[in-house]
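Below: the structure, in structure tokens.
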């Protein structure tokens with residue numbers, strides 16, 4: 001497979017014309033070196049222990065041609081939230097649609113493709129692109145660094161308060177049969193700025209493809225950033241998402257991830273708290289059915305004192321669905337007075353569903369308060385009985401309890417149209 | 001703050017108090033491991049042919065294995081050819097009374113504060129004293145014999161009860177289980193064997209005192225406890241070792257097998273030499289402990305107080321195979337100076353209505369690293385399984401680390417699994433509360449730590465609880481009084 005990739009990389013280099021000399025390409029080469037040493041995660045890789053992605057992808061997909069894929073026309077009206085009050089950007093098969101892009105204007109907001117940004121904001125690109133994803137050595141992030149060409153560059157200028165959320169529509173079509181798409185974002189929220197970004201993933205056709213996404217996000221001092229991901233692809237799509245968020249002093253970041261559909265979905269969400277007084281919230285909700293396989297890995301790395309992080313991830317598993325949760329909290333020696341909390345709760349609806357949970361705390365500082373809690377079980381018999389004794393049918397009692405279970409995550413959504421959509425999906429799924 | 005620093009200073013400078021060496025003439029094998037050494041051990045132990053075959057099979061498998069590197073501990077690579085695999089105290093004749101025991105040996109026990117005669121006379125504990133791999137003394141054997149309980153050294157069991165050994169040896173920890181268990185299967189020199197017959201409730205606590213002696217000796221103990229239908233036994237294991245500069249390897253295997261309605265309670269106090277305060281020397285403790293709840297309604301309970309060893313690497317586990325079986329794990333692990341511990345428990349639920357509890361309390365001080373690593377696995381057919389895990393860590397000083405790696409794997413919807421973990425230092429408000437009531441900071445810390453570990457210490461048998469508290473205090477001396 002690695003040989004295939006090296007060939008593919010050579011083809012890719014030829015397509016780049018003169019671009020193979022710029023700094024971005026040096027990052028690609030570096031990632032290629034690191035990747036070719038280890039390849040995709042093997043069976044015994046601890047990080048991919050419960051999600052044998054390497055093996056599955058190797059069998060299913062052709063790694064011989066990872067070069068740029070042709071653009072497909074996008075049918076705007078078919079896309080979820082196309083009429084929502086937001087700044088829309090469409091990304092199909094990993095390629096940014098420029099026409100729709102050009103209608104975007106707001107004070108202090110800059111949205112470009114990465115290629116454009118390379119010309120206009122070379123300093124930002126040089127300072128940040130690949131800087132976070134390469135440190136982590138995740139094979140899929142490296143694969144993305146090697147082959148991604150296009151992507152979205154968002155810069156929110158100092159003290160700008162963006163009035164509407166930015167909505168990134170990701171979709172995939174399978175015109176090459178079992179294609180692999182790479183998409184990439186670089187988001188810079190400058191000091192004092194406020195912005196909300198939504199990434200919505202959907203697919204038009206129920207065909208197999210593998211999308212491999214990387215987002216690198218820098219949130220500067222005193223900035224506020226709300227970051228939503230809605231993963232609602234088809235039950236044949238494979239999706240790997242690597243997100244790296246670096247927070248600076250006094251910044252507040254809230255991330256939300258809603259996973260509703262996908263054959264195998266793997267999310268690596270990495271927070272690095274690079275200065276004091278950062279606040280981080282992580283909310284997650286996954287509702288898996290059929291043979292969905294949903295894997296959430298999160299890392300919160302506390303490097304400095306007086307930071308706060310709180311994580312709530314909840315899941316409901318039906319049919320033969322599988323879910324994996326691994327939440328790591330690191331508290332480095334200098335991060336005194338850290339408060340870090342984590343909770344993962346799961347409900348299994350059938351005996352064929354399974355849940356693997358691994359909450360992990362690693363602490364090197366003494367003056368901290370850290371805790372994690374993790375529960376897995378079914379609906380409480382006594383609660384069901386209570387409702388039924390008051391004349392509520394079994395199925396609606398069950399629905400009520402499931403709703404109550406997901407509600408404390410749903411309530412956290414601050415964007416109405418997104419909240420309504422997710423709540424509505426929950427209604428359809430749970431009743 | 002200066003008070004705190006002073007306490008930490010004292011704490012990190014406290015020396016290992018049980019460091020001394022008994023001068024007993026040794027009968028040792030040459031350094032290194034190969035088939036000849038294994039034949040030598042087997043011949044020395046006058047073992048039957050089948051036992052030797054088992055050892056050789058394990059050895060041949062062992063050489064194909066690689067040393068595991070996944071635990072969260074760091075140490076220089078062990079040279080397995082630099083270890084003496086057999087060393088026995090000279091007087092090997094069977095002893096009937098304490099008078100025949102080497103006086104120097106008795107002196108050793110006296111220094112430890114648990115002299116055989118005291119134990120024998122006052123507490124009614126039968127002690128199978130293991131000094132450097134060979135049992136030299138077994139007390140209370142006759143009393144136990146009347147009930148049909150077999151409690152003897154492993155080598156004696158191989159000679160006298162070969163059927164039981166053949167049936168149960170390796171039934172819980174198979175020969176090929178892991179790197180160190182396989183090594184142990186090949187070279188184990190002695191250990192204890194305990195068999196409780198049907199319906200018998202063992203009237204006393206059974207206890208083995210492990211003690212590492214003789215420089216450069218790896219100690220490979222093998223313990224096998226079989227509790228037949230409806231029986232009960234409480235088993236104690238405790239250890240101290242002399243001060244020494246080179247690292248010593250200890251790779252023991254403990255197997256527990258319980259039939260229907262049987263219950264085994266296994267308690268450990270581990271206080272091997274933890275290395276000097278600069279992190280030099282100390283014991284490497286790589287132990288495989290596992291219990292199988294074979295029959296319905298059976299119960300296995302592990303309690304451990306871990307204060308010693310430079311590196312501790314052990315996961316007492318329960319396989320809950322029988323319906324309604326119960327597994328428990330209570331642990332206090334204290335690390336100080338440069339000690340490293342990676343310990344926890346595995347609860348594997350296979351039967352219906354099985355129930356397990358994990359309570360783990362870690363205390364790290366000095367420059368030590370303390371990890372909890374555990375697995376709770378609910379199998380597809382394990383209806384109504386229940387698990388509660390709690391692992392708390394207490395940090396003392398800003399140079400130590402606490403880590404938790406719980407694995408929770410659930411394949412059945414009727415399971416109820418809860419896991420909780422907290423990490424914190426002793427709250428300033430708690431200390432203030434005590435100060436305010438006239439308790440000085442040092443005593444306040446002692447009070448709080450004792451309260452913190454109480455849940456586990458309470459599970460220890462009387463005789464052990466006292467010693468465990470002493471050890472806890474000793475390990476954290478200066479800060480917990």
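The values are calculated or read from the model by the stated rules, or taken from the named source; none is laboratory data. Note that this is a predicted model, so its numbers are computed, not measured. No Cβ is skipped: glycine too gets one built from the backbone with ideal geometry, and neighbour counts run over all protein chains shown.
The residues of region B:253-272 that are more than 12 Å from the chain's Cα centre (by Cα) and either within 21 Å of residue B:184 (Cα to Cα) or surrounded by fewer than 24 Cβ atoms within 10 Å (Cβ to Cβ) (or both), listed by number, are B:256, B:257, B:259, B:260, B:261, B:263, B:265. From the list A:262, A:284, A:290, the lone residue that is under 15 Å from the mean Cα position of the chain (by Cα), in the same structural domain as residue A:354 (by TED's automatic domain parsing) and at positive phi is A:262. Screening residue B:384 against (1) on the phi < 0 side of the Ramachandran plot; (2) at pLDDT 90 or above; (3) within 13 Å of chain A (Cβ to nearest Cβ) leaves a single unmet condition, (1). Scanning region B:413-447 for residues that are within 14 Å of chain A (Cβ to nearest Cβ) and without any contact (Cβ under 8 Å) to a residue 40 or more places away in the chain yields a count of 15. Does residue A:54 satisfy being in the same structural domain as residue A:139 (by TED's automatic domain parsing) and modelled with pLDDT of 75 or more? No, not satisfied. So, of the residues in region A:17-48 that are assigned to a loop (DSSP other than H, G, I, E, B) and in contact (Cβ under 8 Å) with a residue 40 or more places away in the chain, which turns out to be farthest from residue A:326 (Cα to Cα)? Across region A:17-48, the extreme among qualifying residues is A:22. Does residue A:310 qualify as being outside any loop (DSSP other than H, G, I, E, B), under 28 Å from residue A:407 (Cα atoms), within 11 Å of another protein chain (Cβ to nearest Cβ) and free of Cβ contacts under 8 Å to residues at least 60 places away in the same chain? Taking the combined requirement at face value, the residue does not satisfy it.
Scanning region B:55-77 for residues that are in contact with a helix residue (DSSP H, G or I) (Cβ under 7 Å, 6 or more places away or on another chain) and crowded, with 17+ Cβ neighbours inside 10 Å yields B:55, B:58, B:59, B:62. Against the condition out of contact with any helix residue (DSSP H, G or I) (no Cβ under 6 Å at 6 or more places or on another chain), more than 7 Å from chain A (Cβ to nearest Cβ) and in contact (Cβ under 8 Å) with a residue 60 or more places away in the chain, how does residue B:455 come out, does it pass? It is true that residue B:455 is out of contact with any helix residue (DSSP H, G or I) (no Cβ under 6 Å at 6 or more places or on another chain), more than 7 Å from chain A (Cβ to nearest Cβ) and in contact (Cβ under 8 Å) with a residue 60 or more places away in the chain.
Rundown of residues vs (1) modelled with pLDDT under 55; (2) within 23 Å of the chain's Cα centre (by Cα); (3) in a helix (DSSP H, G or I), yes/no style:
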| residue | (1), (2), (3) |
| --- | --- |
| B:3 | yes, no, yes |
| B:20 | yes, yes, no |
| B:50 | no, no, yes |
| B:74 | no, yes, no |
| B:105 | yes, yes, yes |
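Highlighted here are the strands (runs of 3 or more DSSP E) found entirely within region A:333-431 that include at least 1 residues which are modelled with pLDDT under 90 and within 12 Å of another protein chain (Cβ to nearest Cβ): A:354-363, A:369-377.
Considering (1) without any contact (Cβ under 8 Å) to a residue 60 or more places away in the chain; (2) within 24 Å of the chain's Cα centre (by Cα), the lone condition that residue A:56 does not fulfil carries the number (1).
Across region A:148-158, not a single residue is classified as assigned to a helix (DSSP H, G or I) and either touching a strand residue (DSSP E or B) at 6+ places or on another chain (Cβ under 8 Å) or over 30 Å from residue A:40 (Cα atoms) (or both).
When we screen A:186, A:167 for residues that are closer than 15 Å to residue A:106 by Cβ, touching a residue at least 40 places away in the same chain (Cβ under 8 Å) and either touching a strand residue (DSSP E or B) at 6+ places or on another chain (Cβ under 7 Å) or in a strand (DSSP E or B) (or both), the only hit is A:167. Of the residues making up region B:25-38, those that are more than 26 Å from the chain's Cα centre (by Cα) and within 21 Å of residue B:181 (Cβ to Cβ) number 3. Condition test on residue B:346, is it within 13 Å of another protein chain (Cβ to nearest Cβ) and free of Cβ contacts under 8 Å to residues at least 60 places away in the same chain? So residue B:346 does not fit the description; no. Annotation for region B:234-255: at least one member residue is out of contact with any helix residue (DSSP H, G or I) (no Cβ under 9 Å at 6 or more places or on another chain), over 25 Å from residue B:335 (Cα atoms) and modelled with pLDDT of 85 or more.
Applying the condition of being in contact with a helix residue (DSSP H, G or I) (Cβ under 7 Å, 6 or more places away or on another chain) and part of a strand (DSSP E or B) to region B:318-360 and asking which residue is nearest to residue B:264 (Cα to Cα) yields B:330.
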